[in-house]
Amino acid sequence: MQLGVPKEIKAQEFRVGMTPAGVRELVSTGHTVLTESGAGDAIGLTDDLYRAAGASVVETAEQVFAESDMIVKVKEPQPHECRQLRPEQLLFTYLHLAADPHQAELLMNSGATCIAYETITSPQGGLPLLAPMSLVAGRLSVQAGAHHMEIHQGGNGTLLGGVPGVAPGKVLVLGGGVVGSSAIRVALGMGADVTVLDRSVSRLSELDEQYRGQLRTVYSTAEAVEEHAHDADLIIGAVLIPGASAPKLITAEMLADFKPGTVMVDVAIDQGGCFETSRPTTHADPTYVVDGVVHYSVANMPGAVARTATMALTNATLPYVMRLASERVESLMAEDKHFAAGLNVANGMLMHPAVNEALSSHFPQLTPDTRFSGQHMSQQPDSKGPEAAVHAKVAQLN
């Protein structure tokens, strides 16, 4: 198979879909790889490194899209990229379609088969290709939040870790999964007063045991969210349902009761955000203020540490890329339900139940009967079949 790695074109996105080490692994098994010139320059992965690994370096993204059987990216394709996709071509990347009906429509129109990193599952119930970016985003969320708590950034001027004789800042983490636990680790390490809310009692027990009284654990209810958000200096939003729109845990009305200069970091923004007042921002202009509350909702947070993030992501994705390159995708989807959970678009249809449900108002013609069964990639849009088994669980975003 010929694989293509274009340069990312989303604003302030410097990650790349494959490292030279990944190229070398693919080439050694008989595949060919095209990389766009300059795709990894920002993080020190030069064209010469890709050539040394066996890739063919081409000048334009158009050539990568035109000549590749599979496109491997990091972030969701931008409209110009979507229009370059074609039937019988594979796209493997983060998609986050639940919050992006325009992208979903363009991908359906392309006829390509689109597999999303963020909805692939593991036998243990996790999201293995979302986890590495969740780890990065969780750590960054506290780092970014602490910075914007500074008074000249719009915060209330509280030092997260405090000093002797002065209480530390209060951090509220909504969700105790991968993002949340990473945020907790950093916030506690900085000396903050940290509370986590989650609906899994077993997860709260694990965190309580791990931190042995350093962390306050609370079962998540609407009342608990209101109570603890009211007193927080920094709120980290880290919950979502895989493939679906994130639940809105902080409403617009609640902001009026928050302390002026409270900072909210919405790590779930790729899935629509878990704060009602969230809207996507960029690293160039990361924050805005609503009712005196600072909102940080950068849609590609790990892009700020693009080198670390690229290495972590490709360590996780490479085995899946190798399988897609070496096996018939129809057989792979039919035989591996965890890989099949990553299928979001095929045959011009939305295939993931949670994505389908989230976008049902935009595409009412797509009923539950038209969802992918995990058995036949060649089925027509009007064929019937059992719904793919995808269990909604609280998880974390990239």
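Where both partners of a DSSP beta bridge lie in the chain, what percent of those bridges are antiparallel, to the nearest 5? Counting only bridges with both partners in the chain, antiparallel ones make up about 20 percent.
For the pair SER360 and GLU88, the difference between a 0.36 nm per residue extended length and the Cα-Cα distance amounts to 95.4 nm. Applying both filters, DSSP loop and at most 16 other Cβ atoms within 10 Å, to the trypsin sites (Lys or Arg not before Pro) of segment 163-213 gives ARG199, ARG212. The residue list GLY22, GLN89, SER37 was ranked by how far each Cα lies along the charge dipole of segment 8-132 toward its positive end, using unit charges on Cβ atoms, and GLY22 comes out on top.
Taking every DSSP bridge with both residues inside segment 254-322, close to 50 percent are antiparallel. Within a straight-line Cα-Cα reach of under 12 Å, LYS10 can be paired with the following aspartates and glutamates, leaving aside sequence neighbours fewer than 8 residues apart in one chain: GLU76, GLU81. Beta bridges from DSSP with both residues in segment 131-304: antiparallel share about 20 percent, rounded to the nearest 5. The shape of segment 131-304 can be summarised by an equivalent ellipsoid whose semi-axes, obtained from the alpha carbon gyration tensor, come to 20, 19, 16 Å from longest to shortest.
Once you mark the GluC sites (Glu not before Pro) that are in a DSSP loop and have at most 11 other Cβ atoms within 10 Å, what is the longest gap between them in the chain? That would be 89-398.
What the Cβ-Cβ distance of VAL163 and LYS337 gives, at R0 = 56 Å and to the nearest 0.05, is a FRET efficiency of 0.60. Close amide-amide hydrogen proximity is noted between THR35 and VAL5, SER56, VAL57, VAL58, each under 5 Å apart and 5 or more residues distant or on a separate chain (H modeled in the peptide plane; Pro and chain starts excluded).
Scalar couplings 3J(HN,Hα) for segment 342-356, obtained by applying the Karplus form with A = 6.51, B = -1.76, C = 1.60 to θ = phi - 60°, are x, 6, 10, 9, 6, 6, x, 10, 7, 10, 8, x, 5, 5, 4 Hz; x denotes Gly and Pro. Across the chain, the volume of the C-alpha convex hull divided among the residues equals 137 Å³ per residue.
For segment 183-239, the spread of Cα coordinates along the three principal axes comes to 26, 26, 19 Å, biggest extent given first.
Remark: C-alpha extents of segment 71-116 on the principal axes read 25, 19, 16 Å, sorted largest to smallest.
The three principal axes of the Cα atoms in segment 24-176 give end-to-end lengths of 64, 37, 35 Å, sorted in falling order.
Sequence-ordered 3J(HN,Hα) estimates for segment 116-129 from the Karplus curve with 6.51, -1.76 and 1.60 and θ = phi - 60° stand at 9, 3, 6, 10, 5, 10, 10, x, 7, x, x, 10, x, 9 Hz, glycine and proline given as x.
Taking trypsin sites (Lys or Arg not before Pro) across segment 258-329, the ones in a DSSP loop with at most 15 further Cβ atoms lying within 10 angstrom of their Cβ are ARG328.
Among THR310, THR221, THR287, the residue with the largest mean-square fluctuation in a Gaussian network model of the chain, with springs joining Cα atoms closer than 10 Å, is THR221.
Expressed as a whole percent, the proportion of Cα-Cα pairs in segment 1-67 lying more than 14 Å apart is 50%.
Values quoted throughout were computed directly from the atomic coordinates according to the rules given, and no laboratory measurement underlies them. Since this is a predicted model, take the numbers as computed values, not measurements. So basically every Cβ, Gly included, is an ideal-geometry build from the backbone, and we count neighbours across all protein chains shown.
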